[in-house]
Each structure stands twice: as C-alpha cells, then as structure tokens.
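**Student:** What follows is a structure written as structure tokens; I'll ask about it next.
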Amino acid sequence: MEYRRVGDSGLIVPELSFGAGTFGGSGPLFGNWGTTDVTEASRLIDICLDAGLTMFDTADVYSDGASEEVLGAALKGRRDEVLISTKAGLPMGEGPQDAGTSRARLIRVCEDALRRLQTDHLDLFQLHAFDAGTPIEEVVSTIDDLVTAGKIRYAGVSNFAGWQLMRSLAVADRHGWSRYVAHQVYYSLVGRDYEHDLLPLGLDQGVGALVWSPLGWGRLTGKIRRGQPLPADSRLHATAQFGPPVPDERLYDVVEMLTEIAAETGRSVPQVAINWLLRRPSVASVIIGARTEAQLRDNLGAVGWALTADQVSRLDAVSAVPAPYPHFPYERQEGFARLNPPVVAAGS
C-alpha cells in the first residue's frame, strides 16, 4: 500500500480507502448496498489494516447515521491506528433545519458525527453537496472555527461544481481561513467528466481527489456483459436509478477491454479498473467498498502493480467521450491545443 499527500496539504492517506456505505443498511438505497453489522465490520476492518488501508469514509446520510455508528463501534480501541472521514450537508429529515450547511447545522451535524463515531475529532470532514441557500462566507468561516476548535483536522467537499469549489477557496484565501484540501468525486472508466474542469482545478489549487464509485456504480465488476441479462443478484436492479448513468454500448466496450487486459495481467476486472484510476493526476485515494470479505480482498489486489503504458492507452481510448463545450475546440483544433495542452493525455 502506498501513501499519498492529499493535494498540497499535510494529510497523508493510503492510496485505497474503505467506504462504509454498506455499514448499517437501511432504506431503499443503503439497504440494498449492504447490511453489515458491527461484528462483520470489525472483520473487514481487520483485513483493511492488515493490508495497510487505514482510512475509512462514511457520511451522516448513510442509513440515517447507522453507518457512522457501526464504524465507530467497530473501530473502538484502535482509533489512533486509523483516519476517519465523514460527510454532511444532505437532508436528514423534512424540517427546515434538517438540510444544508448553515452555521447552526454544521456545528450540530459535526457534533452528531463525533458522538456516533465515538471520537473527539474527525480527520477529514467534507460537505456532501453545495448549499446554494447559505452564503459561502458563512460556510467557510464555520469550517475554520471547527478546525480551530480541534473538532476536525482537515476539511473538504464532495460533488461540487468547479465554480463552487473555486469560489469557496477564494473566500478562504481572502480571509485567511482554512482551505478545502480534498474533493470527493465520482470518477471511473465509464465516468470521466471529472477530467474536464475539476481535475485541472485540483492540480492548480492543490486539492486532492478522493474517488467514489470507482467501479461505475457496480457496473465494472465484470458480471455485466454484452448480450447477457443483468445477473439476478446485481444491486443495480434496485439502485441504478440513484447512480450516474452510462450508455449500454459504451459500458460493454469498456468491460470487454477490461476483460482483455485482466487476462493479460492475471488480475480481475475490478482490479484493472481501480489500478487505472490510481495512475490519474490529482487522485490521492480511491474509495473501495465491499459487502463481503472476498470482495474486499479482491479490491485490495488493485495495488502493488501497474498497468503498462500500452494497456493504459487502450483503456483511455475505449473509455473516451467527446469533450463538452468549451473544451472540445482545445482537443480538435491545433491553435486552441497549442494554447491549452491536455492535462490528461492518452497513455498517461
């Protein structure tokens, strides 16, 4: 297991982190993700620590706080061995104070997370979504207060648009407040939108990427194939509506290339998909999830080796999609390209 700095910060994390969305398990989404209890979670954490995976990510909205509770109980007695990352900001109820990142709510949800996780500090606290109803100055100043109080060590965001993140960083810089050091983003071989704006922003501003759903919402396990029905035990039957969409033909093309390269390397399809992500610019850690010990051990096999330049180029090519405006002129026209060479080149 390698360890990397998150952006330009002093936070050092393992290249793979564990996502605890399967812990607790309730509701139409998270109940289908997994129902891992404390005993099962303790076993999965044992395996992670043995492999050098020391960072565990969760969120208050995962099973209405049950994920944080299970993770906190499973980590009892070994808090100093791990990094705990959680997220807040999405709705947790129907009331006017049950959503968003106002000053009052941020302080309350941070305290709630500390209680559920049975800890006195969070190593990384992330805003789960941008709150357009609260002034950015109010949000960033509150985060700075929580850092100053020692409740959180580092702050980050998740699912922000480029302008939202850039404005937040500008506000922090203007007032000398704590900056966001991490951006938890969706990025996979069937979801490369991150590369157009957020990746170059992250490199320029020193914000590291923590990647969620590296297997494209469970589509890159190798079980989904062209001309075959969706396996009966696939979670996609119940959860596809919640995840990022991908055209079927593009998915099949990517899976076929992954399968080809998996055969060449003697690795599994998920291992190849995750290894590709680990070589992308700005990526600090890829968050893996698992309901079973077998799934976890397979995902852990994504590290300790590297794809060849040719294999990376083939995966880049099969997963590429036309860039949206205003990016496409820079890819297709020489004059534009000379002014703005691509951040992520083929075979990178």
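The values are calculated or read from the model by the stated rules, or taken from the named source; none is laboratory data. From a predicted model like this one, the values you see are computed outputs, not experimental measurements. Cβ sites come from the backbone with ideal geometry, for glycine too, and all protein chains shown count toward neighbours. Accessible surface is based on the protein model in full, side chains and every heavy atom, while ligands, DNA and RNA are left aside. Shrake-Rupley method; radii C 1.70, N 1.55, O 1.52, S 1.80 Å.
**Student:** Identify, by number, the condition in (1) open to solvent by less than 20 Å² (accessible area, probe 1.4 Å); (2) touching a Leu at 6+ places or on another chain (Cβ under 6 Å) that TYR154 doesn't meet.
**Tutor:** (1)
**Student:** Right, another one. Condition (residue is open to solvent by 40 Å² or more (accessible area, probe 1.4 Å), at positive phi and modelled with pLDDT of 95 or more) applied to the range 278-296: is it met by at least one residue?
**Tutor:** no
**Student:** Follow-up. Do any residues in the range 302-318 that are of a type in the set (Gly, Ala, Ser) have Cβ atoms under 6 Å from those of residues that are crowded, with 19+ Cβ neighbours inside 10 Å, where the two are at least six apart or on different chains, and which pairs are they?
**Tutor:** Qualifying pairs under 6 Å: ALA302/GLN271; ALA302/ILE274; ALA302/ASN275.
**Student:** Within the range 33-51, which residues are free of Cβ contacts under 8 Å to residues at least 60 places away in the same chain and open to solvent by less than 10 Å² (accessible area, probe 1.4 Å)?
**Tutor:** Of everything in the range 33-51, those that are free of Cβ contacts under 8 Å to residues at least 60 places away in the same chain and open to solvent by less than 10 Å² (accessible area, probe 1.4 Å) turn out to be ALA41, ILE45.
**Student:** Also: Scan the range 103-147 residue by residue and report those that are open to solvent by 10 Å² or more (accessible area, probe 1.4 Å), in contact (Cβ under 8 Å) with a residue 40 or more places away in the chain and not in a helix (DSSP H, G or I).
**Tutor:** GLN118, THR119, ASP123, HIS128, ALA129, ASP131
**Student:** Still on this structure: Given the range 178-277, what helices (runs of 4 or more DSSP H) lie entirely inside it while holding 1 or more residues that are buried (at least 18 other Cβ atoms within 10 Å of the Cβ) and at pLDDT 95 or above?
**Tutor:** Per the criteria, 198-205, 248-265.
**Student:** Which pairs turn up if I take residues in the range 192-213 that are more than 17 Å from ALA320 (Cα to Cα) and look for partners that are open to solvent by 10 Å² or more (accessible area, probe 1.4 Å) and among the charged types (D, E, K, R) with beta carbon separation below 7 Å, at least 6 apart in sequence or on another chain?
**Tutor:** Close Cβ pairs satisfying both conditions: GLY206/ASP8.
**Student:** Let me ask something additional. On the basis of being closer than 25 Å to LEU203 by Cβ, assigned to a loop (DSSP other than H, G, I, E, B) and touching a residue at least 60 places away in the same chain (Cβ under 8 Å), does VAL286 make the cut?
**Tutor:** Judged against the criteria, VAL286 is not a match.
**Student:** When you go through (1) crowded, with 24+ Cβ neighbours inside 10 Å; (2) aliphatic (A, V, I, L, M); (3) within 18 Å of the chain's Cα centre (by Cα) one by one for VAL70, which number turns out not to apply?
**Tutor:** Going through the list (1) crowded, with 24+ Cβ neighbours inside 10 Å; (2) aliphatic (A, V, I, L, M); (3) within 18 Å of the chain's Cα centre (by Cα), VAL70 breaks only (3).
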